1. Which pairs do you get when a residue that is over 17 Å from Ile299 (Cα atoms) and at pLDDT 95 or above, found in segment 215-238, comes within reach of a residue that is assigned to a loop (DSSP other than H, G, I, E, B) and within 11 Å of the ligand (Cβ to nearest atom), reach meaning Cβ atoms under 6 angstrom, with the pair 6+ apart or on two chains?
2. Which residue pairs have Cβ atoms under 6 Å apart, sit 6 or more places apart or on different chains, and have a first residue in segment 69-95 that is without any contact (Cβ under 8 Å) to a residue 24 or more places away in the chain and a second that is aromatic (Phe, Trp, Tyr) and assigned to a loop (DSSP other than H, G, I, E, B)?
3. Mind listing whichever residues of segment 177-194 are more than 13 Å from the ligand (Cβ to nearest atom) and either of a type outside the set (D, E, K, R) or under 16 Å from Ser324 (Cβ atoms) (or both)?
4. For segment 209-223, does any single residue satisfy the condition of being more than 13 Å from Trp329 (Cα to Cα), among the charged types (D, E, K, R) and in contact with a strand residue (DSSP E or B) (Cβ under 8 Å, 6 or more places away or on another chain)?
5. Which of the residues that make up segment 235-263 are crowded, with 19+ Cβ neighbours inside 10 Å and farther than 11 Å from Ile173 by Cβ?
6. Out of all the residues in segment 98-143, which are within 12 Å of the ligand (Cβ to nearest atom), in contact with a Phe, Trp or Tyr (Cβ under 8 Å, 6 or more places away or on another chain) and over 13 Å from Leu161 (Cβ atoms)?
7. Taking helices (runs of 4 or more DSSP H) that do not extend beyond segment 28-146, which have at least 3 residues that are closer than 22 Å to Gly246 by Cα and at pLDDT 95 or above?
Amino acid sequence: MPKILVTGGLGYIGSHTVVELLNDGFEVAIIDDLSNSERFVLDRIEEITGKKPDFFEFDLKDQERTNQFFAENKVDGVIHFAASKAVGESMVKPLIYYRNNLVGLLNLLDAAKDHHIDNIIFSSSCTVYGQADELPIDEKAPIKKAESSYGKTKQMGEEILEDFARVFDKKIIALRYFNPIGAHPSALIGELPKGVPNNLIPFITQTAAGIREQLSVFGDDYPTRDGTAIRDYIYVMDLANAHVKGLKRLLADENVDQYEIYNLGTGTGSTVLEVIQAFEEASGTKLNYKIVDRRPGDITAAYADNTKAAKELGWTPETSLEESLRTAWEWQKTLD
Ligand code: UFG
């Protein structure tokens, strides 16, 4: 079976994707610097799948070490997750974000070029669209100037990869995630936010668990059905599955273009109040929340047109919002 390098493979989406790859029979090597992940996730992956991926602890910014990895390990493809991802933090530490997300990527691509790695999946984000003029958002929607330095690193990463694919004759797929949520059904792996969560779902589950006193709902004066902002919440295992499908497309030479882009979302938008209600139903708990001012930088609404992924990757999300939230809650309960 092909061997796949997963960078950031102990992180949130990375770890769930590693599980899907192993369950599908792929061999997996993980590079992770543990900057925003935990070593125990490796044992949990083994507990779920019965297989232990190779693990290499280092930072992709170390070019020499990155080259050494490729010299010593033959891999057939790369899924590149390793990056910093906190929107707010990127606004106060822009240079760290550019360095982590772009230098790491450049070192990886240099090594991929030298060691003839042809198949690469890149972890991108719907943040590249900003506030789109039309909803749902398809892949042809214009890329607007990103609000955050994090968003800019994803836009630049995509530009770099497009050039790389063309000049060096590589096959690359960029996957633009909408809002990833939930945990593995075993509740052995899930999202592990450090400190106070920025994202809605971990804040909700921590509030329900009594770790946070109250959820702040950022704004109820948006032009939406109930005044709160709309997002497309996609289950992390559905996302993981899309990576495996993308990889198989590249390995089988089924891609039509050298550089392809897919939106990964459910196609349905939910307001913050709808998410709260779905969570209360899924968990059987009542959530303490209050409406506060809008959060600066937030857009009104984003949800995906996912027909391209359905048609070309054969991917359709299978998990409801309620079910995804139930897994997030089961996972949260293991963390108390
Ligand atoms: N929200 C709250 N209270 C909270 C946290 C969030 O009301 O405590 C609201 C936000 O205002 C927003 C929605 O819940 O309307 C979702 O917020 P998240 O922070 O969970 O997600 P975002 O849509 O802001 O950000 C996500 C990813 C980013 C990515 C961005 C692209 O986390 O990595 O989508 O739009 F850049």
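The values are calculated or read from the model by the stated rules, or taken from the named source; none is laboratory data. These figures come from a predicted structure and were not determined experimentally. With ideal geometry, Cβ positions are generated from the backbone for all residues, glycine too; neighbour counts draw on all protein chains shown.
1. Sorted first by the residue in segment 215-238, then by its partner, the pairs are Ile234/Phe178; Ile234/Gly265.
2. From residues that are without any contact (Cβ under 8 Å) to a residue 24 or more places away in the chain, there are no pairs.
3. Within segment 177-194, Ala183, His184, Pro185, Ser186, Ala187, Leu188, Ile189, Gly190, Leu192 qualify.
4. Within segment 209-223, one or more residues are more than 13 Å from Trp329 (Cα to Cα), among the charged types (D, E, K, R) and in contact with a strand residue (DSSP E or B) (Cβ under 8 Å, 6 or more places away or on another chain).
5. Tyr235, Val236, Met237, Asp238, Leu239, Ala240, Asn241, Val244, Asn263 - these are the residues of segment 235-263 that are crowded, with 19+ Cβ neighbours inside 10 Å and farther than 11 Å from Ile173 by Cβ.
6. Matches in segment 98-143: Ser125, Cys126, Thr127, Ile137.
7. Output list reads 104-114.
To keep it simple, each residue is scored yes or no on (1) under 20 Å from Thr319 (Cα atoms); (2) modelled with pLDDT of 95 or more; (3) out of contact with any helix residue (DSSP H, G or I) (no Cβ under 6 Å at 6 or more places or on another chain); (4) part of a loop (DSSP other than H, G, I, E, B).
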{"position": "Ala183", "(1), (2), (3), (4)": "yes, yes, no, yes"}
{"position": "Lys194", "(1), (2), (3), (4)": "no, no, yes, yes"}
{"position": "Ile204", "(1), (2), (3), (4)": "yes, yes, no, no"}
{"position": "Ala242", "(1), (2), (3), (4)": "yes, yes, yes, no"}
